[in-house]
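First up is the structure itself, then whatever we jot down about it.
The values are calculated or read from the model by the stated rules, or taken from the named source; none is laboratory data. Since this is a predicted model, take the numbers as computed values, not measurements. Cβ placement follows ideal geometry from the backbone for every residue including glycine, while neighbour counts extend to all protein chains displayed.
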Amino acid sequence: MNEHTLSMRLERVAANVPADARLADIGSDHAYLPVALMHRGAISAAVAGEVATTPFHAAQRTVRDNGLEQHISVRLASGLAAIEPGDGITAISLCGMGGETIRDILDSGKTHLSGQERLILQPNGGEQPLRQWLMDNGYPILHEELLQENRFYYEIIVAERAEPVVYSAEQLYFGPLQMQTRSPVFLAKWQRMLRQKHKTLASFEQARQRVPEEKMQEVARQARWITALLA
Ligand SMILES: C[S@@+](CC[C@H](N)C(=O)[O-])C[C@H]1O[C@@H](n2cnc3c(N)ncnc32)[C@H](O)[C@@H]1O
């Protein structure tokens, strides 16, 4: 992967960035996403935010090597603190981090959100708490995608601030739109997850003394939900 050839995962994220957006890519690492989008003329400006110095320098290098310093600001900052009021950001991407981390970044950076931005989120696990945050903060999910690349399943969640929405516990767990669509990749993911839950429960049985009852019950409930979903 580089700024010319994105991974399939980042290609799908790119496809959900609105045309001409002013994009803040938070946790940008090499800044491949904003640089690729700028090269394609798909966005008008970008901020690439990074909390760690090594990826921050990598992002600076990619932007400089591509002559895009006038269009992409690379900033060393934690989370949404990379966004400045004058940026006029219309879309925020947060990709390749755990869902809890993305949730915490959104929650602690609320003052940097105008409420007008589209959120394009690609969590690596932890989708349920992230969807919970979106529901609790008035961001209905507009679009969800699930793709498989290199044996891993990746979810993309697109949300915008609008009328409050209420999702059930199962919708927060599986994704409300994916539950409706039931794509082949979605069913394959949950078949794999069900096998994993059964293995986990079997290992819990063997180590019963050391596993809190609450944890056992949680995994058992998830296995029941998945079984019902696949039935
Ligand atoms: C695995 S990389 C993903 C890079 C790229 N977004 C992608 O999807 O390919 C995650 C990046 O997020 C950065 N990161 C983690 N927490 C962050 C935070 N609070 N603010 C900004 N960047 C953060 C890490 O330094 C790392 O470079």
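Test G49 against the stated conditions and say whether it is at positive phi, surrounded by 15 or more Cβ atoms within 10 Å (Cβ to Cβ) and outside any loop (DSSP other than H, G, I, E, B). No; evaluated as a whole, the condition is false for this residue. Screening D29 against (1) away from the ligand (no atom under 11 Å from the Cβ); (2) in a loop (DSSP other than H, G, I, E, B) leaves a single unmet condition, (1). Cβ separations smaller than 6 Å between residues 6+ apart or across chains give the following pairs from the range 124-153 residues that are buried (at least 18 other Cβ atoms within 10 Å of the Cβ) to residues that are part of a loop (DSSP other than H, G, I, E, B): M135/Y167; Y139/R161; E144/G175.
Taking interchain pairs and intrachain pairs at least six residues apart, which have beta carbon atoms under 6 angstrom, with the first residue in the range 78-101 and within 19 Å of Y173 (Cα to Cα) and touching a residue at least 24 places away in the same chain (Cβ under 8 Å) and the second more than 7 Å from the ligand (Cβ to nearest atom) and among the charged types (D, E, K, R)? Going by the 6 Å Cβ cut-off, the qualifying pairs are G99/E127. The residue list L23, L68 contains one member that is assigned to a loop (DSSP other than H, G, I, E, B), touching a residue at least 24 places away in the same chain (Cβ under 8 Å) and in the same structural domain as V158 (by TED's automatic domain parsing), which is L68. Restricting attention to the range 9-23, does a residue exist that is under 27 Å from F152 (Cα atoms), within 8 Å of the ligand (Cβ to nearest atom) and basic (K, R)? For the range 9-23, residues under 27 Å from F152 (Cα atoms), within 8 Å of the ligand (Cβ to nearest atom) and basic (K, R): present. Is it the case that S73 is over 17 Å from I120 (Cα atoms) and either outside any loop (DSSP other than H, G, I, E, B) or in contact with a helix residue (DSSP H, G or I) (Cβ under 6 Å, 6 or more places away or on another chain) (or both)? Yes: the conditions hold for S73. Screening L68 with (1) crowded, with 18+ Cβ neighbours inside 10 Å; (2) within 19 Å of the chain's Cα centre (by Cα) gives one miss only, at (2).
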